[in-house]
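Single-structure report; data block below.
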Amino acid sequence: NRQIVIAELPTDALTPAHFKETTTDMPKAGDGQVVLKVILMSIDAANRSWMKGATYRAAVNAGDPMPTYAICEVIETKSDRLAVGDIVAAEATWSDYIVAEARKCEKLPKVPELSNLMSVYGIAGKTAFHGLISVGKPIAGETVLVSAAAGSVGGYVGQIAKALGCRVVGIAGGADKCKWVKEEMGFDDCIDYRAPGLGKALRAACPDGVDVYFDNVGGAVLETALFSMNEKGRIVCCGAISQYDTETPTGPRNLPGLVVVKRLRMEGFIVMDWAHDDAKALRALQTWVANGQIKVTEDIVEGLENAPQALIGLLAGENKGKRMVRVAAD
Ligand code: NDP
């Protein structure tokens, strides 16, 4: 059983040297437990933030296998809740096999594409739905701005906002990604934050100002976006990816000034807080996928051994859509 553990905690940008592959005995199930074969692992910016200390979950330390949300198959069971062959979502680690408490595994429906349960019908789609609709509360005709727009959460935020009748502007890294966001994701506009003049470009792309800014990145982009907010605008604080992979964070310098003057609401959320609304989110996402208003974008890296590079690449903006690692065939 292969496992990828943290060799050393990073003090700045993550590199392959921060990980090492080890081999452990095959896990065995105790009472109430199951052995799971890991099929797909979610690669998230949050993996990097867990290496910085405790957040909404315990910190990850040197010697620990990297935690991950995963889709797995039950291969041994000592619980009445799950049978061999069941497909479940579980808190796993970067491993071929893990042991888990059956009551903590969520049995998944049989679907043609298992990966969809990790992208549009998984955390990415639910985060986009709950954050935008329940926290951002956009109204048709308003302007919604979203950063990391070519990424997993950002791509769904923009497409949902379009489906709700909003003007949608993305922010992404590089001209190619911006073109893709407009042409493939159907955004009204997309701005390259790596090119100079983000503020000016934002003003041009949002002539009526921004009503909802869905912030995935924090830092300098948030600082600039604050100037384009309309009075009574909402900033949905989903994540701060620009701050995860560095020990020298930069933050908006115009806080709380612009929040006061423009009467803004900034609100953070964690997708799990809205689990009571998951069924509603899934119904809506299924409808939008079925009628073509949402395109499912996935970026699947093959092989457990490539998980560190997949995470490093995600932080460098390599991915378009939901990045995951396929550990085994389903
Ligand atoms: P993405 O698929 O969006 O990938 C991350 C993207 O972030 C990269 O592709 C890159 O695109 C962009 N990025 C990287 N560094 C920077 C930087 N310094 N400044 C601006 N953009 C950068 O990842 P996810 O969809 O998984 O996550 C998006 C955000 O949502 C993260 O902040 C994550 O922590 C958060 N999240 C929050 C949840 C919650 O419950 N609140 C749940 C799940 C995710 P580019 O080329 O455009 O730079």
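Quick note: the coordinates plus some simple rules give every number you see, no bench work behind them. Here the structure is a predicted model, which is why all the values come from computation and not from measurement. A quick note on method: Cβ atoms are made from the backbone with ideal geometry, for glycine too, and the neighbour counts reach across all protein chains shown.
Ordering Ala201, Ser79, Leu311 by the projection of their Cα atoms onto the charge dipole of the chain, which places +1 on the Cβ of Lys and Arg and -1 on the Cβ of Asp and Glu, puts Ala201 at the extreme positive end. The label-point distance for Lys107 and Lys179, in a model that sets each label 7 Å from Cα toward Cβ, rounds to 4.9 nm.
Cβ-to-Cβ counts within 10 Å put Thr77, Thr11, Thr22 in ascending order as Thr11, Thr22, Thr77, the fewest first.
Of the residues Asn61, Cys237, Ala100, the one whose Cα sits farthest toward the positive end of the charge dipole of the chain, with +1 on the Cβ of Lys and Arg and -1 on the Cβ of Asp and Glu, is Cys237. Scalar couplings 3J(HN,Hα) for the range 304-317, obtained by applying the Karplus form with A = 6.51, B = -1.76, C = 1.60 to θ = phi - 60°, are 3, 4, 8, 4, x, 5, 5, 6, 4, x, 4, 5, 8, x Hz; x denotes Gly and Pro.
Would you compute, from DSSP H runs of 4+ residues alone, the mean residue ellipticity of the chain at 222 nm, taking -39500 (n - 2.57) per run and dividing by the full residue count, rounded to the nearest 500? Intermediate values should be presented prior to the final figure.
Numbers: 9 runs with 79 residues, N = 330.
So the helix-based figure for the chain works out to -6500 deg cm²/dmol.
For chymotrypsin sites (Phe, Trp or Tyr not before Pro), the sites in the range 1-77 that DSSP calls loop and that have at most 14 other Cβ atoms within 10 Å are Tyr56. Using Cβ point charges alone (K and R +1, D and E -1), the dipole size of the chain about the Cα centre works out to roughly 920 debye.
With r as the distance between the Cβ atoms of Thr248 and Phe227 and R0 = 35 Å, compute the FRET efficiency 1/(1 + (r/R0)^6) and round to 0.05. Write out the running numbers ahead of the final one.
On the way: r = 23 Å, r/R0 = 0.67.
The value I calculate is 0.90.
Packing, taken as the mean count of other beta carbons within 10 Å per residue, orders the peptides 262-273, 300-311 from highest to lowest as 300-311, 262-273.
Divide the volume of the convex hull around the Cα atoms of the range 181-330 by the residue count and you get 169 Å³ per residue.
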